[in-house]
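What follows is a short report on a single structure.
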Amino acid sequence: MSLLHVFGFGLKVGHLLWMLCCWIASMISMNWFINGEFKNPKAGVLGDSAGKMWFKCWDEILNFSFKIHHQYYQYIGSKKVCKSWWRKLLFLWVIGWTLASVWIFYYMSSHATEKRKETLASMCEERARMLQDQFNVSMNHIQAMSILISTFHHGKTPSAIDQGTFARYTERTAFERPLTTGVAYAVRVLHSEREQFERQQGWTIKRMDTLEPSPIQEEYAPVIFAQDIVSHVVSLDMLSGKEDRENVLRARRSGKGVLTAPFRLLKTNRLGVILTFAVYKRDLPSNANPKERIEATDGYLGGVFDIESLVEKLLQQLSSKQTTLVNVFDTSNQSCPISMYGSNESNDGLEHVSHLNFGDPFRKHEMRCRFKQKPPWPWVAITTSIGILVIALLVGHIFHATVNRIAKVEDDCHKMMELTKQAEAADVAKSQFLATVSHEIRTPMNGVLGMLDMLMDTDLDVTQLDYVRTAQASGKALVALINEVLDQAKIESGKLELEEVQFDLRAILDDVLSLFSGKSQDKGVELAVYISDRVPKMLIGDPGRFRQIITNLMGNSIKFTERGHILVTVHLAEEVIDSIEVETESSSKNTLSGFPVADRHQSWKGFRTFSKEEPVHPFSDSINLIVSVEDTGLGIPLDARPRVFTPFMQVGPSIARTHGGTGIGLSISKCLVGLMNGEIGFVSIPMVGSTFTFTAVFASGNSSSKEYKSQQINSQSNTVSSEFHGMRALVLDPRPVRAKVSRYHIQRLGIHVEIVSDWKQGLSIINRGNNAVHMVLIEQEVWDRDLNSSGLFINKLEKIGHGTPPKVFVLCNSIKSSKGNTTTGACDLTIISKPLRASMLAASLQRAMGIGNKGNPRNGELPSLSLRNLLLGRKILIVDDNNVNLKVAAGALKKYGADVVSATRGIEAIELLTPPHKFDACFMDIQMPEMDGFEATKRIRDVERNINKHIQFGELSVDAYNNVSNWHVPILAMTADVIQATHEQCQRCGMDGYVSKPFEAEQLYREVSRFFQ
Amino acid sequence: MEVVQIQRNLVDYTKSLFMEGFLDGQFLQLQQLQDESNPDFVAEVVSLFFDDSQKLLNELTIALDQPIVDFKKVDAHVHQLKGSSSSIGAQKVKNACIAFRNFCEVQNIEGCLTCLQQVKLEYYLAKNKFETLFRLEQQIVASGGSIPMIEMGF
């Protein structure tokens, strides 16, 4: 059971941790998804689907865990399956969570990269657009300027613009074109017009590279106006520069602004591009062909863009120059882009490319942005995944540890169980051994004792006789001890069964009392028994075992008590419960002998019976007795108390030497009390005394209608007591407890008792007259204390007028110590020696009072004599296949006066015992060939039942069956092996009991007495 | 011989039987069962025992001679023998029977045969002893004395 608990506990802990872990994991991931959705609508779709997936997964896990639970409970019985199962689960768990954490790491880090990319893209786009916008603004302005020139220079004659005007205008409108470092206007001059033009301007057209007068060309494009910054280009032929020429030609052909490839500017040596617009003579339709455009061309307006500073400026406007690296490339030639801005440091990280449109379809530009820093480590992802992994591993470890622990505990439990089994087996073997050995010892011991007995009959001198007596006493002690050991072994092997017979508790206690009376008188210890009136006369139980307990306790008490008293009290448990609170003040002085005693109430403190919640009466007719044995002996030392009920444990080794005994008695008593559904306990005060108390449950004997022999025995004492019925007695005793005991015994004889504590009171009661007092019983203590007044009392008694004076008895402890006989020799005085017993008391009274001096038959009665009484004239059938056994058994029964019929076979017995027959009982051997005793008994019972039924229904006349309407012949089993044949087994087959073979008088008596009276 | 002397011899002889373990307390009990109404009780029982036992021993010898030994039968016989021997207190026969039954239980033919010999030996010894005992008793009775009773002390 405990194993299962441990297992369950482990499972619960594991499950709890598992739930906790899953919960944490789900919380983290949920939060994370929610955040993701919130921050990034784009990633929302992915996040959503991932979330769903996750929920699905979570569901599965839950299902799975439920299944685990389920299967776990199914498999809980098979350890091996569980073990391998747990291993696999653990492995899967670790693998699963490792994968999960790796996935989480990748997911989170990719998420971060994505975000970074997006940031970069948005930044880059933003910059590109700004750059483009600003560029376009400048370009538009230049275009506007071209229209200005076309309007005011070519459209008017004479021109409204000269170099000075242009320079000033451009200078003042330079803020409009923040990106241009300068603008210049070149006019188209055909070779035919060159001379005139040169004259007009006053300078010759020069080549750009050499600054020498231009060689003859078909046409020229000399700069006529220029902003001051670029005034050095005035008079230079634009068509002479390779880049410029191309630009110019493209511009006039397309009619749009065109850009050169970036190049180093002449003066600043910075990278720049030139934007060129053609100026036409007239407005051209948008679909004009290039030829028309060329012909209509008047001149060319060019603007220099300093790209580098442009971008620089732009980036400075934006805050995040530090975080990003921006490169601008001219990618008209795809294979080799020309860098327009930015450093060339390579970075293999992220890059975003944004296209720039500067209005020239021929040229393509793009902006490339990169982060300056390398991407940071994805710490969140790392910590999250590692955290989850660690938690998972920890949970796994806990699982593992739990499973291991469970396995270990299980193993331990198995080991323990095996050990327990071994121990139990050893115990059984020990008991068996003890039983066997004891049994085997008993047989030779009987021989030894028999021989000693015979030896004592021979002529021996005093010394020899003494030796033999000693040897015999020792032998008897040994047999008694062996019997005790046998009892112990029987109890331990559970073979001891209690009998259920009717008995008189008071008679048993009288017996025990007489057993110890000699010893107590020798020691001068007062011995007394008190049984409460409420205890029923007849009880059903095991008198032998009850007697054994009492004998044990009293024997111990006698052993350790040198002075004072030993008092046995028997009450009903309810009685004591009622008084348990009231009687607490019972003073230690108020005892039988005046010596202080240990308070017996303490001894049953721990009893179950007295804890209030438990019902005292499990059955309505059960009698719960509480028996106390109180002594004023040495007491039990404190350190020895815990082992009082342990077999073979005595207070100390010296005790065994001084007092003998094996120390097994109390242990047996405890077991016996346990078998009687009772408890035993004790209280002890060193040098004051001990009180042992036990309870025992018996059935009330009065309810049973059966007549038992034991009742008959008692009826003899009843007849005795009837002689005294109605008499009155006066007990003179100042000590209430002792007086109570005396009263109890005298009342048992049917005598009315009054108690007085001194002479005066006694006399006044006697003198009252109307009720004659027949006897006066005086405690020896009172008698001896004041001999004068006692003499006076006697004299006064004799003077009392009416009728015969009461007889005077002195109750004394031991005859030796009494002085009564010496002092009042003349007086009519009888001494009754204690302990008081009903029979002894009756005999003494009879002798003294001179009534019906028939003697007490019961006193000298021996079992064999009672057996004779029981069996005399009985017709008994003995069934045994063994002739010798048959003869011996028959001889034994005949000796007791029985009329014996023998049968050797079971079938014979059935025939003989088929009603009507005249047998009073049958002794049946169990082990017989053909039909054993059990079988034969069963058949006999069947026949009897059948006939009883017929008689009952009137089918058979009762007269034909000796007027017996209910046939049931007592059948007792005879067996050689008493231990083997149990009461139960016999009863199962309809037998009424068993006797051992060869017969033992006492056992035979016990069994037979149950049926005959 | 004087009656007292024979009585003394009888007592001594009985004691020796106890000492040597031939007899146990049961024999004393048996003797107690003998009284005036049944004066030859012990002798009757003992002779019954010897007759019965002789038959049993013969049957045992035959049973153990069979090619296939019926141990159940053998055991039943030995049980009988044991029962009757314990009834009259022939302790040594009884003990031999106990050993015999143990061998029966394990169906050991060799052991059984050895035991049978042992039981037979004990049987004849016991028979001898009892015969001596009864002869002494008869002598006492013949000389007009009474058989001394041995009291049980336990």
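Odds and ends about this structure:
- Number of positions in segment A:470-481 that are more than 11 Å from chain B (Cβ to nearest Cβ) and β-branched (Val, Ile, Thr): 1
- Segment B:14-42 - residue that is aromatic (Phe, Trp, Tyr) and more than 7 Å from chain A (Cβ to nearest Cβ) and, of those, farthest from residue A:894 (Cα to Cα): B:22
- Residue within segment B:16-24 that is in contact (Cβ under 8 Å) with a residue 24 or more places away in the chain, surrounded by 17 or more Cβ atoms within 10 Å (Cβ to Cβ) and assigned to a helix (DSSP H, G or I) present: yes
- Filter result for residue A:420 (within 14 Å of another protein chain (Cβ to nearest Cβ) and out of contact with any helix residue (DSSP H, G or I) (no Cβ under 8 Å at 6 or more places or on another chain)): no
- Qualifying residue in segment A:290-297 (condition: among the acidic types (Asp, Glu) and either within 24 Å of residue A:203 (Cα to Cα) or not in a helix (DSSP H, G or I) (or both)): no
- For the criterion of being in a strand (DSSP E or B) and either within 13 Å of chain B (Cβ to nearest Cβ) or modelled with pLDDT of 85 or more (or both), residue A:893 fails.
- Residue match in segment A:909-931 (condition: closer than 27 Å to residue B:44 by Cα, crowded, with 21+ Cβ neighbours inside 10 Å and of a type outside the set (A, V, I, L, M, F, W, C)): yes
- Test result for residue A:448, of a type outside the set (Gly, Ala, Ser), more than 30 Å from residue A:433 (Cβ to Cβ) and either surrounded by fewer than 18 Cβ atoms within 10 Å (Cβ to Cβ) or modelled with pLDDT of 80 or more (or both): no
- Residue A:914 passes every criterion in (1) of a type in the set (S, T, N, Q); (2) assigned to a loop (DSSP other than H, G, I, E, B); (3) within 12 Å of chain B (Cβ to nearest Cβ) apart from (3).
- Boolean, residue A:138 is surrounded by 14 or more Cβ atoms within 10 Å (Cβ to Cβ) and assigned to a helix (DSSP H, G or I): yes
- Residue match in segment A:835-848 (condition: within 14 Å of chain B (Cβ to nearest Cβ), over 20 Å from residue A:1004 (Cβ atoms) and either at pLDDT 80 or above or outside any helix (DSSP H, G or I) (or both)): no
- Just one of (1) polar (S, T, N, Q); (2) surrounded by 15 or more Cβ atoms within 10 Å (Cβ to Cβ); (3) more than 30 Å from residue A:926 (Cα to Cα) fails for residue B:132. It is (2).
- The condition of being over 24 Å from residue A:885 (Cα atoms), surrounded by 15 or more Cβ atoms within 10 Å (Cβ to Cβ), touching a residue at least 40 places away in the same chain (Cβ under 8 Å) and at the interface with another protein chain (Cβ under 10 Å from one of its Cβ atoms) holds for only one of B:3, B:45, B:11, that being B:11.
The rows are residues; the columns are (1) under 23 Å from residue B:133 (Cα atoms); (2) outside any loop (DSSP other than H, G, I, E, B); (3) within 11 Å of another protein chain (Cβ to nearest Cβ).
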position: B:49; (1), (2), (3): yes, yes, yes
position: B:54; (1), (2), (3): yes, yes, no
position: B:61; (1), (2), (3): no, yes, no
position: B:64; (1), (2), (3): no, yes, no
position: B:69; (1), (2), (3): no, no, no
position: B:76; (1), (2), (3): no, yes, yes
position: B:81; (1), (2), (3): yes, yes, yes
position: B:86; (1), (2), (3): yes, yes, yes
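- Subset of segment A:741-764 (residues that are buried (at least 17 other Cβ atoms within 10 Å of the Cβ) and in a helix (DSSP H, G or I)): A:741, A:742, A:743, A:744, A:745, A:746, A:748, A:759, A:762, A:763
- Contact annotation: residue pairs with Cβ atoms under 9 Å, 6 or more positions apart or on different chains, pairing a residue in segment A:476-504 that is closer than 16 Å to residue A:664 by Cα and in contact (Cβ under 8 Å) with a residue 24 or more places away in the chain with a partner that is small (Gly, Ala, Ser) and assigned to a loop (DSSP other than H, G, I, E, B), are A:477/A:660; A:481/A:661.
- Against the test of being in contact with a strand residue (DSSP E or B) (Cβ under 9 Å, 6 or more places away or on another chain), away from chain A (no Cβ under 14 Å) and acidic (Asp, Glu), the options B:122, B:110, B:105 yield a single qualifying residue, B:122.
Per-residue answers, yes or no, for (1) polar (S, T, N, Q); (2) closer than 28 Å to residue A:1010 by Cβ; (3) surrounded by 18 or more Cβ atoms within 10 Å (Cβ to Cβ):
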site	(1), (2), (3)
A:475	no, no, yes
A:483	yes, yes, no
A:508	no, yes, yes
A:515	no, yes, no
A:530	no, no, yes
A:540	no, yes, yes
A:547	no, yes, no
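- Take the conditions (1) surrounded by fewer than 23 Cβ atoms within 10 Å (Cβ to Cβ); (2) in a helix (DSSP H, G or I); (3) over 58 Å from the mean Cα position of the chain (by Cα); (4) not hydroxyl-bearing (Ser, Thr, Tyr); residue A:884 misses just one of them, which is (1).
Rundown of residues vs (1) more than 30 Å from residue B:95 (Cα to Cα); (2) touching a Pro at 6+ places or on another chain (Cβ under 9 Å); (3) within 14 Å of chain B (Cβ to nearest Cβ), yes/no style:
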position: A:390; (1), (2), (3): yes, no, no
position: A:393; (1), (2), (3): yes, no, no
position: A:447; (1), (2), (3): no, no, yes
position: A:453; (1), (2), (3): no, no, yes
position: A:458; (1), (2), (3): yes, no, yes
position: A:463; (1), (2), (3): yes, no, no
position: A:468; (1), (2), (3): no, no, yes
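The values are calculated or read from the model by the stated rules, or taken from the named source; none is laboratory data. Note that the structure is predicted; figures quoted are calculated from it, not measured. Glycine also receives a Cβ, built like all others from the backbone with ideal geometry; neighbour counts cover every protein chain displayed.
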